[in-house]
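The values are calculated or read from the model by the stated rules, or taken from the named source; none is laboratory data. As the structure is a computational prediction, the values presented were derived from the model and not from experiment. Neighbour counts run over all protein chains shown; Cβ positions are idealised from the backbone, glycine included.
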Amino acid sequence: MTGLEQPPVTASAYSQARYKLKHTAFIELNQAAVVQTHYGDGDYLRFWDLRVLAVDGSRITLDPLCQTSCPIF
């Protein structure tokens, strides 16, 4: 299929195209892809009418420069 091939997209072109998107596009995408899909049926734990989420912060990646100059938690 010659003629249909396109050159790869550079990181700079990707960043420039993403910069043109409105921030509301990411909010709408989150609503459609995550909130409605996972929480649309209402079958999830709530605490004071808020969703209960679990977060694991045991794996933290620090900047190599910060590891020597930042205080330990």
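Taking into account only those residues within the range 33-65 that are loosely packed, with under 10 Cβ neighbours inside 10 Å and outside any loop (DSSP other than H, G, I, E, B), which is modelled with the lowest pLDDT?
Ranking the qualifying residues of the range 33-65, first place goes to 65.
Condition test on residue 13, is it surrounded by 10 or more Cβ atoms within 10 Å (Cβ to Cβ) and more than 19 Å from the chain's Cα centre (by Cα)?
Values: surrounded by 10 or more Cβ atoms within 10 Å (Cβ to Cβ): yes; more than 19 Å from the chain's Cα centre (by Cα): yes.
Yes: the conditions hold for residue 13.
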